[in-house]
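The values are calculated or read from the model by the stated rules, or taken from the named source; none is laboratory data. Note that this is a predicted model, so its numbers are computed, not measured. Reconstructed Cβ throughout: ideal geometry from the backbone, glycine too, with neighbour counts over all protein chains shown.
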Amino acid sequence: MLWTAGFIAFPISGLAGTAVAGRVDGPIAALLGGVVCGLVLGAGQVLVSRGRLDPRRWVPATGVGMGAGLLLGAVVVDYETTLTALVTMGALTGLLLGVAQAVALPRRAHLRWAWAAAVPVLWALGWAATTLGGISVEDQFTVFGAYGAVTFMAISGLLLHYLLPVLPEADRRSPSRHVGAAS
């Protein structure tokens, strides 16, 4: 499934967030790193969506949701990197990210709020998989590593495949024809 290939956007977005903000060890780093990471991640998700996501809505929503979510999560766990702290941080990041992305889903999306409910769980699973996989989470990354990315994309890809119906070929070439306000 093409959505699963989107896992590559995670390490790229993490590198971008770290390059701009450094370690997530303070509120400015969490917010700035989260926004940059979210913008890159959102762009990667749009690229693998086969025209189902409007980049004008999805990319900024992902940047804002991830920035605000990472700030909230990191502050709540006081920038700790234990398994419990990262799962909590992931759930809180996913809470704000999921709501922002649910609003950005196209009007034709089925059960958009299922996405908002799933993202906190999936983001927590991503951090759990990364931590349990032995990745050096003490380096305070902006996003989970490859183990978490594969976990997240495999499950979220199935969910998005269900929520976003396949567009006819002519409609995929013109995503602006399907841009609408969230319902």
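Data table
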| item | result |
| --- | --- |
| Residue, surrounded by the fewest Cβ atoms within 10 Å (Cβ to Cβ), within segment 75-101, restricted to residues that are β-branched (Val, Ile, Thr) and in a helix (DSSP H, G or I) | THR84 |
| Odd one out for LEU92, checked against (1) in contact with a Pro (Cβ under 7 Å, 6 or more places away or on another chain); (2) within 19 Å of GLN140 (Cα to Cα) | (1) |
| Which numbered condition SER49 fails, given (1) under 18 Å from GLY14 (Cβ atoms); (2) buried (at least 17 other Cβ atoms within 10 Å of the Cβ); (3) not acidic (Asp, Glu) | (1) |
| Residue within segment 58-69 that is in a helix (DSSP H, G or I), surrounded by fewer than 17 Cβ atoms within 10 Å (Cβ to Cβ) and in contact (Cβ under 8 Å) with a residue 12 or more places away in the chain present | yes |
| Single unsatisfied condition, ARG57 versus (1) under 22 Å from TYR147 (Cβ atoms); (2) modelled with pLDDT of 95 or more; (3) of a type outside the set (Asp, Glu) | (1) |
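Okay, residues lined up against (1) surrounded by 13 or more Cβ atoms within 10 Å (Cβ to Cβ); (2) at pLDDT 80 or above; (3) over 21 Å from LEU86 (Cα atoms); (4) among the aromatic types (Phe, Trp, Tyr):
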residue	(1), (2), (3), (4)
LEU111	yes, yes, yes, no
LEU122	yes, yes, no, no
LEU132	no, yes, no, no
VAL137	yes, yes, no, no
THR142	yes, yes, no, no
GLY145	yes, yes, no, no
PHE152	yes, yes, no, yes
GLY157	yes, no, yes, no
VAL166	no, no, yes, no
